[in-house]
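The values are calculated or read from the model by the stated rules, or taken from the named source; none is laboratory data. Since the structure is predicted, the reported quantities are computational estimates derived from the model, not experimental observations. Here the Cβ is made from the backbone with ideal geometry for all residues, glycine too, and neighbour counts use every protein chain on show. For the accessible areas, the whole protein counts, side chains as well, though only heavy atoms, and no ligand, DNA or RNA atoms are used. Shrake-Rupley method; radii C 1.70, N 1.55, O 1.52, S 1.80 Å.
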Amino acid sequence: MPTTLAEIDFSKPLPSEQGDRVIQFREALREAMTEEMRKDDRVFLMGEEVAYYNGAYKVSQGMLDEFGPQRIIDAPISENGFAGLAVGAAMYGLRPIIEFMSWSFSLVAADQLLNNVPKMLYMSGGQWGCPVVFRGNNGAGGQLGSTHSWTVEAMYANVPGLKIAIPSNPYDAKGLLKTAIVDDDPVFFLESERMLSDKAHVPQEEYFIPFGKAALRRGTWSGERNSDVTLVSFGRPVNFCVEAADELEKDGIVCDVLDMRTVRPLDIDSIIQSIKRTNKIVVVDQCWPFASVASEVITQVCEKAFDYLDHQPVRVNTDDVPTPYAKNLEAEYLPHKGKIMRAVKSVVSKG
Amino acid sequence: MDQGANVRRMPYTAWNAFVEIFMAIRTAYTANIEHISILDENGVLDEKLAKTASGEPLLTPEQVLFLYERMVECRQLDEVAFKLQRSGRLFTYPQNKGQEACALGSGFAMRKGQDWLVPCYRENAALFLHGMPMGHVLLFWAGDERGSIIPEGVKITPIAIPIGTQMLHAAGIAWAQKVRKNDSVVITYFGDGATSEGDFHEAMNFATVFNVPAIFFCQNNQWAISVPREQQMNSETVAQKGLAYGAQCVQVDGNDIFAVYKATLEARERARQGGGVTLIEAITYRLGDHTTADDARRYRSADEVESWKNKDPMIRTRKYLEARGLWDEAKQKSAEERAEAMIKKIADDALNFAPPTTDEMFNYLYAEIPEELRRQRDTLRTNSLSMNPEQARLSESRR
């Protein structure tokens with residue numbers, strides 16, 4: 001069983017996503033951590049409430065019983081503290097998994113996360129890596145208010161030296177987290193409180209999902225007809241895109257839905273491949289629009305495939321305001337199905 | 001009160017009277033902090049205190065001689081580095097002048113190749129004792145990342161410039177030592193100003209809660225660049241800050257190599273035996289500027305600096321050796337000459353090191369270079385048009 005990235009055969013096809021071993025997103029995360037911790041005793045989990053309380057969101061349920069308090073560790077409420085501790089432990093040769101109850105709380109650890117973690121290897125001329133996985137809830141969690149509803153992918157993706165994975169479903173959650181844990185680079189792993197109870201088939205057999213390889217959720221690479229538009233998303237909004245695509249198909253509009261799985265590295269090649277057939281792109285992103293991942297995707301599309309576009313690129317972000325507290329406003333603020341459908345329809349009709 | 005502090009002094013009010021009462025209470029409280037002083041300003045040794053727990057001499061005269069020679073080298077390095085910076089060959093450099101006993105006394109108490117040093121940037125002599133080549137340090141301050149490459153087997157982390165972040169790394173390394181059941185102790189260095197950072201408090205909290213084998217060594221040199229200690233903190237001592245975390249706390253005369261060595265040795269042994277964390281506050285003084293980019297004359301009075309010159313660790317260590325017939329002016333002169341020649345050679349080698357190739361900027365960011373970055377490296381361009389030949393051709397054909 002592989003414990004390093006180099007030992008994984010990524011050319012082997014991934015197991016089927018269809019099946020009846022249906023578990024929750026949170027269980028998929030737990031399985032990924034548990035499997036890797038059984039194989040590699042350098043891996044440990046630290047965070048607020050992860051041990052005796054079984055995790056604020058029950059992701060680590062039962063892990064204390066299996067691995068004991070040396071490896072499942074309740075940290076003081078001190079994000080900068082345990083982020084820095086992880087850097088030290090990683091420098092020593094351990095492989096920490098750090099759970100942020102919410103990525104919103106990672107902001108107080110910014111100096112460690114942005115000024116130390118991604119630069120360790122660089123500043124030591126390749127000598128001191130920082131193979132830490134930082135994981136936790138990202139994005140609007142359902143009326144948590146603006147301070148607890150951060151989407152950090154755009155802000156952190158700006159920093160070289162990091163990898164950022166952002167799964168949209170239980171199958172990917174497990175496969176991507178396993179890859180994150182064996183990866184020698186620091187990985188920011190963005191989950192969503194709103195998806196932790198989502199259920200799907202997760203295979204029994206071991207699998208690792210490679211970083212930088214998007215998954216096509218709707219449409220086909222070799223369909224008889226080309227899709228009408230390329231929808232690009234990552235994380236929770238992928239599910240909104242799929243809902244929109246299914247609805248649009250009833251009106252005869254076919255979408256390629258690309259789930260990026262990781263935003264750093266970004267699988268721009270798959271996006272371009274799809275655009276060459278659809279000639280239209282809509283990017284759906286739960287970050288604020290200014291300097292977002294959507295901005296980056298569209299910039300790269302213009303750089304690499306400008307002549308293939310039949311319509312100006314379109315993006316659907318959250319509105320450019322702090323996340324509202326009221327239920328109806330939060331729902332409207334997000335890049336929901338209705339907004340996506342409107343965007344696609346306007347692109348298709350004018351294209 | 002020196003001139004620099006006078007500038008900031010508030011007018012006297014009734015409030016100050018209250019403050020003075022509190023000060024009195026506080027002084028009583030801080031009396032709980034042990035202060036160790038063994039070798040005084042005149043080089044006179046307190047023989048009773050200069051013993052280990054088992055009654056052995058704390059440091060033999062030969063060991064003191066060895067350490068003194070390292071002090072001479074370190075002081076020479078400061079001189080050479082200062083001149084190199086002024087002639088434009090070093091980017092910047094923080095002088096260690098006046099603080100050598102802190103680095104040497106503590107570094108000597110840690111086991112080379114076994115214990116870990118997690119430095120900030122003003123403990124050169126400890127790094128050299130533990131195997132860091134002097135040339136690396138010069139290369140680093142010349143503005144070359146490769147100065148941070150640590151030789152195999154040397155247990156030192158790269159010089160940390162952000163204030164305080166390294167203390168958390170030290171807590172992490174110490175914690176990892178503990179869970180891996182290794183017999184190693186971690187010492188981390190920082191200044192008085194860094195104890196205002198959250199990192200200090202979070203690191204102290206983690207280290208003590210997890211009871212890790214760590215020593216927090218504060219070089220209290222009285223000034224955080226231009227801000228004096230009294231404006232940096234309201235606590236009488238740095239050491240007492242550790243009381244809140246349940247750490248062992250001790251204050252030493254940081255210009256007294258015996259006191260520094262003793263406190264660190266005891267802290268190290270305590271840590272090894274599972275006794276946890278010690279915070280050592282070493283009272284010292286930065287005789288030079290903060291770095292070569294600073295001019296301390298703008299905020300410190302000449303009187304203040306002069307008063308600390310008498311407390312220079314080199315003066316008292318030399319007097320100790322002279323009293324035992326181990327040192328004299330001739331030896332001093334030849335030691336300085338040897339050190340200068342050695343350092344000039346090291347500096348020449350370090351500064352004539354071929355500059356890094358452009359590739360190196362890209363090579364150490366990820367364990368394996370990502371495709372996009374490889375393209376940037378190989379085209380050596382950030383101009384996106386030239387990095388995307390297919391679109392470039394299409395744009396060209398439209399003309």
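Strands (runs of 3 or more DSSP E) fully within the range A:1-114 that include at least 1 residues being over 22 Å from the mean Cα position of the chain (by Cα): A:72-74.
Considering only residues that are open to solvent by 50 Å² or more (accessible area, probe 1.4 Å) and without any contact (Cβ under 8 Å) to a residue 40 or more places away in the chain, which ones fall in the range A:31-54? First the steps, then the outcome.
Step one: list which residues in the range A:31-54 are open to solvent by 50 Å² or more (accessible area, probe 1.4 Å), which gives A:38, A:41-42, A:49, A:52-53.
Matches in the range A:31-54: A:38, A:41, A:52, A:53.
For the range A:112-128, the tally of residues that are facing chain B (nearest Cβ under 7 Å) and either open to solvent by 50 Å² or more (accessible area, probe 1.4 Å) or charged (D, E, K, R) (or both) stands at 4. The number of residues in the range B:161-205 that are at the interface with another protein chain (Cβ under 8 Å from one of its Cβ atoms) and among the hydroxyl-bearing types (Ser, Thr, Tyr) comes to 1. When residue B:332 is tested against the conditions (1) touching a residue at least 40 places away in the same chain (Cβ under 8 Å); (2) among the polar types (S, T, N, Q); (3) closer than 30 Å to residue A:121 by Cα, the lone failure is (3). Residue-level analysis places residue A:156 outside the set of residues that are farther than 14 Å from residue A:264 by Cβ, not in a loop (DSSP other than H, G, I, E, B) and not assigned by TED's automatic domain parsing to the domain that holds residue A:325.
Considering only the range A:85-104, state which residues are hydroxyl-bearing (Ser, Thr, Tyr) and at the interface with another protein chain (Cβ under 8 Å from one of its Cβ atoms). A:92 - this is the single residue of the range A:85-104 that is hydroxyl-bearing (Ser, Thr, Tyr) and at the interface with another protein chain (Cβ under 8 Å from one of its Cβ atoms). Residue check: is residue A:249 part of a helix (DSSP H, G or I), over 22 Å from residue A:167 (Cα atoms), away from chain B (no Cβ under 14 Å) and not small (Gly, Ala, Ser)? Answer is yes for this residue.
Can you confirm whether residue B:200 is over 20 Å from the mean Cα position of the chain (by Cα), open to solvent by less than 10 Å² (accessible area, probe 1.4 Å) and under 29 Å from residue B:153 (Cα atoms)? Against the criterion (over 20 Å from the mean Cα position of the chain (by Cα), open to solvent by less than 10 Å² (accessible area, probe 1.4 Å) and under 29 Å from residue B:153 (Cα atoms)), residue B:200 does not qualify. Only one entry in A:285, A:319 is more than 22 Å from residue A:198 (Cβ to Cβ) and in contact (Cβ under 8 Å) with a residue 12 or more places away in the chain, namely A:319. What about residue A:191, is it open to solvent by 10 Å² or more (accessible area, probe 1.4 Å), farther than 27 Å from residue A:126 by Cβ, modelled with pLDDT of 95 or more and among the acidic types (Asp, Glu)? Against the criterion (open to solvent by 10 Å² or more (accessible area, probe 1.4 Å), farther than 27 Å from residue A:126 by Cβ, modelled with pLDDT of 95 or more and among the acidic types (Asp, Glu)), residue A:191 does not qualify. Here is the figure for the range B:79-102: residues that are part of a helix (DSSP H, G or I) and under 23 Å from residue B:350 (Cα atoms) total 9.
Number of residues in the range A:305-339 that are in contact with a helix residue (DSSP H, G or I) (Cβ under 7 Å, 6 or more places away or on another chain), open to solvent by less than 60 Å² (accessible area, probe 1.4 Å), over 15 Å from residue A:278 (Cβ atoms) and not hydroxyl-bearing (Ser, Thr, Tyr): the value is 5. For the range A:214-238, residues that are over 30 Å from residue A:103 (Cβ atoms) and assigned to a loop (DSSP other than H, G, I, E, B) total 10. Applying the criterion of at least 1 residues that are at pLDDT below 95 to the helices (runs of 4 or more DSSP H) found wholly in the range B:119-202 leaves B:134-141, B:165-179.
Filtering B:362, B:353 for residues that are without any contact (Cβ under 8 Å) to a residue 24 or more places away in the chain and among the hydrophobic types (A, V, I, L, M, F, W, C) leaves a single hit, B:362.
Residues of the range B:206-217 that are within 11 Å of chain A (Cβ to nearest Cβ) and either surrounded by fewer than 21 Cβ atoms within 10 Å (Cβ to Cβ) or more than 16 Å from residue A:79 (Cα to Cα) (or both): B:208, B:209, B:210, B:212, B:214.
Would you say residue A:59 is modelled with pLDDT of 95 or more, more than 14 Å from chain B (Cβ to nearest Cβ) and farther than 24 Å from residue B:204 by Cβ? So that I can check it myself, show each step before the final result.
On the way: modelled with pLDDT of 95 or more: yes; more than 14 Å from chain B (Cβ to nearest Cβ): yes; farther than 24 Å from residue B:204 by Cβ: yes.
Yes.
Checked against (1) under 13 Å from residue A:188 (Cα atoms); (2) among the aromatic types (Phe, Trp, Tyr); (3) within 11 Å of another protein chain (Cβ to nearest Cβ), residue A:82 passes all but a single condition, namely (1). Any residue that is facing chain A (nearest Cβ under 10 Å), surrounded by fewer than 18 Cβ atoms within 10 Å (Cβ to Cβ) and not aromatic (Phe, Trp, Tyr) - is there at least one of those in the range B:229-242? No - not one qualifying residue is present in the range B:229-242.
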